[in-house]
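Participant: The structure's right below; bear with me while I get my questions together.
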Amino acid sequence: MEFQISIASTPIDVGYTLDCGQVFRWQLNYDGWWLGVVKGYVLKIKRLGDSLMVKTSSEDADEQFVRRYLRLDDALPKILYEIRKDELISNAVSRLNGLRLIRQDPWECTASFICATYKNINAIQQMIFSLSRSLGEPIKFEDATYYSFPTAETIAKIDDELIKACGLGYRAEFLIETARNIASGDVVLENLAKTSYENARSVLLSEQSKGKKKLLPGVGLKVADCILLFSLEHLEAFPIDVWIRRAVLRFYLHLFDEAKVSKMISNVEQNGSIGPAEYRQVSEVMRRYFGAYAGYAQEYLYHYTRVYEPLLLSRGL
DNA sequence: ATAAATCCTAGACA
DNA sequence: ATGTCTAGGATTT
């Protein structure tokens, strides 16, 4: 199906949105179309003036579906106004204006970020491609075949090495166990969109019974925040990876008291990676600082400090 | 004082 | 380049 979506009153930059590390299934083709697979449908998107041109593999993937996926219901100008608390975020917002969070499928998002730990974006894309190709459903579209992301039910039934062969390594057992507990209904991810951020996060991190194995192995604090932000409507979630942590250390130390600052600095000197205690403290402070849309601030800071600022510095700007 | 919970940190992992 | 797990040590109760 083909249609156009007017974006005159709802600005979006498709490139920033689909290529900022929040989702791994999109690529920009030589002809200028962004191509991705979403929930069993193939989508192509290209901007034309004040519209998005869209082609999809199914009548079910209609304008409503795409608007929802791209979060065109978010009042972006208002959100960006609310998070502009200082010069750094202001620069990021100016430079990356139009970057939007998207509304991902909770299971695919969970699986993607379990795979994402300790890997770079290229490797993550490769894993997700392999998983889809070997376990997903084929979708024919414009004389080519694409593959949907496998369901939790499918992955729950797969024992053993097939998944490791997709390049997951030790993440394979995490993914399978997580898929089983989701397929069995022990965790219903969708329900977590309706509860508070704190409660939803504690469910994602919970154990089967006290002291026992985790319900969703492979989901720690950072992955939980990604799931909450990218697929469960918790826009205040503020995932902290190494890049964001560096940004906090460089620009936001004044938000912390002296004791915490010296502790953070000694932590970074001897350990490198952030511990859970520090993660909880830092993310809470940043959520308070940026407010209800802290997650948007995180995406802008992430992309800006990771890509643009180093680029500008290297050119002496 | 002791044991049992809980908190926390250092290393392992592709 | 990077986030979670696990074991075991420190801390609290």
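Participant: Out of A:ARG201, A:ARG180, A:ARG171, A:ARG133, report the one residue that is charged (D, E, K, R), under 23 Å from the mean Cα position of the chain (by Cα) and either under 30 Å from A:TYR293 (Cβ atoms) or in the same structural domain as A:SER58 (by TED's automatic domain parsing) (or both).
Facilitator: A:ARG201
Participant: Continuing with the same structure: Of the residues A:LYS214, A:LYS164, only one is modelled with pLDDT under 95, more than 10 Å from DNA strand C (Cβ to nearest atom), out of contact with any Cys (no Cβ under 7 Å at 6 or more places or on another chain) and open to solvent by 60 Å² or more (accessible area, probe 1.4 Å); which?
Facilitator: A:LYS164
Participant: Which residues, counting only those in segment A:45-70, are buried (at least 17 other Cβ atoms within 10 Å of the Cβ) and assigned to a loop (DSSP other than H, G, I, E, B)?
Facilitator: Selection gives A:SER57, A:ALA61, A:LEU70.
Participant: Restricting segment A:48-73 to residues that are within 21 Å of the chain's Cα centre (by Cα) and of a type in the set (Lys, Arg), which is farthest from A:PRO138 (Cα to Cα)?
Facilitator: A:ARG71
Participant: How about segment A:167-200: which of its residues are among the polar types (S, T, N, Q) and either open to solvent by 10 Å² or more (accessible area, probe 1.4 Å) or in a loop (DSSP other than H, G, I, E, B) (or both)?
Facilitator: Of everything in segment A:167-200, those that are among the polar types (S, T, N, Q) and either open to solvent by 10 Å² or more (accessible area, probe 1.4 Å) or in a loop (DSSP other than H, G, I, E, B) (or both) turn out to be A:ASN181, A:SER184, A:ASN191, A:THR195, A:SER196, A:ASN199.
Participant: Restricting attention to segment A:250-299, and to residues there that are open to solvent by 40 Å² or more (accessible area, probe 1.4 Å) and aliphatic (A, V, I, L, M), which single residue is farthest from DNA strand B (Cβ to nearest atom)?
Facilitator: Per the stated criteria, the residue is A:ALA292.
Participant: Just to be sure I understand the filter: pairs with C-beta atoms under 6 Å, separated by 6 or more residues or on different chains, first member in segment A:55-71 and in contact (Cβ under 8 Å) with a residue 60 or more places away in the chain, second member aliphatic (A, V, I, L, M) and outside any loop (DSSP other than H, G, I, E, B). Which pairs pass?
Facilitator: A:SER57/A:VAL42; A:SER57/A:ILE139; A:GLU63/A:ILE5; A:VAL66/A:VAL54
Participant: Conditions: (1) open to solvent by less than 20 Å² (accessible area, probe 1.4 Å); (2) in a helix (DSSP H, G or I). A:TYR308 meets all but one. Number of the miss?
Facilitator: Here A:TYR308 meets the rest and fails (1).
Participant: If I ask for residues that are away from DNA strand B (no atom under 16 Å from the Cβ), in contact with a Phe, Trp or Tyr (Cβ under 8 Å, 6 or more places away or on another chain) and among the acidic types (Asp, Glu), which ones from segment A:199-248 would you list?
Facilitator: Residues satisfying the conditions are A:ASP225, A:GLU236.
Participant: Open to solvent by less than 20 Å² (accessible area, probe 1.4 Å) and free of Cβ contacts under 8 Å to residues at least 24 places away in the same chain: is that true of A:ALA224 in this structure?
Facilitator: yes
Participant: Next question, about the same structure. Cβ-Cβ below 8 Å, separation at least six or inter-chain, first residue in segment A:145-169 and touching a residue at least 40 places away in the same chain (Cβ under 8 Å) and of a type outside the set (A, V, I, L, M, F, W, C), second open to solvent by 20 Å² or more (accessible area, probe 1.4 Å) and within 16 Å of DNA strand C (Cβ to nearest atom): which pairs?
Facilitator: Correct list of pairs: A:GLY167/A:ALA123; A:GLY167/A:GLN126.
Participant: Which one of these is modelled with pLDDT of 90 or more, within 16 Å of DNA strand B (Cβ to nearest atom), closer than 28 Å to A:GLU190 by Cβ and hydrophobic (A, V, I, L, M, F, W, C): A:ALA116, A:ALA152?
Facilitator: Selected residue: A:ALA116, the only one of A:ALA116, A:ALA152 that is modelled with pLDDT of 90 or more, within 16 Å of DNA strand B (Cβ to nearest atom), closer than 28 Å to A:GLU190 by Cβ and hydrophobic (A, V, I, L, M, F, W, C).
Participant: Separate question: Say we look at segment A:263-306 and pick out the residues that are of a type in the set (Lys, Arg) and in contact with an Asp or Glu (Cβ under 8 Å, 6 or more places away or on another chain); which of these is nearest to DNA strand C (Cβ to nearest atom)?
Facilitator: Here the answer is A:LYS263.
Participant: Let me ask something else. Hey, among the residues in segment A:74-111 that are among the charged types (D, E, K, R) and more than 18 Å from the chain's Cα centre (by Cα), which one's most open to solvent (accessible area, probe 1.4 Å)?
Facilitator: It comes out as A:GLU87.
The values are calculated or read from the model by the stated rules, or taken from the named source; none is laboratory data. Here the structure is a predicted model, which is why all the values come from computation and not from measurement. All Cβ positions, glycine included, derive from the backbone under ideal geometry; neighbour counts span all protein chains shown. Accessible surface areas use protein heavy atoms only, side chains included; no ligands, DNA or RNA. Shrake-Rupley method; radii C 1.70, N 1.55, O 1.52, S 1.80 Å.
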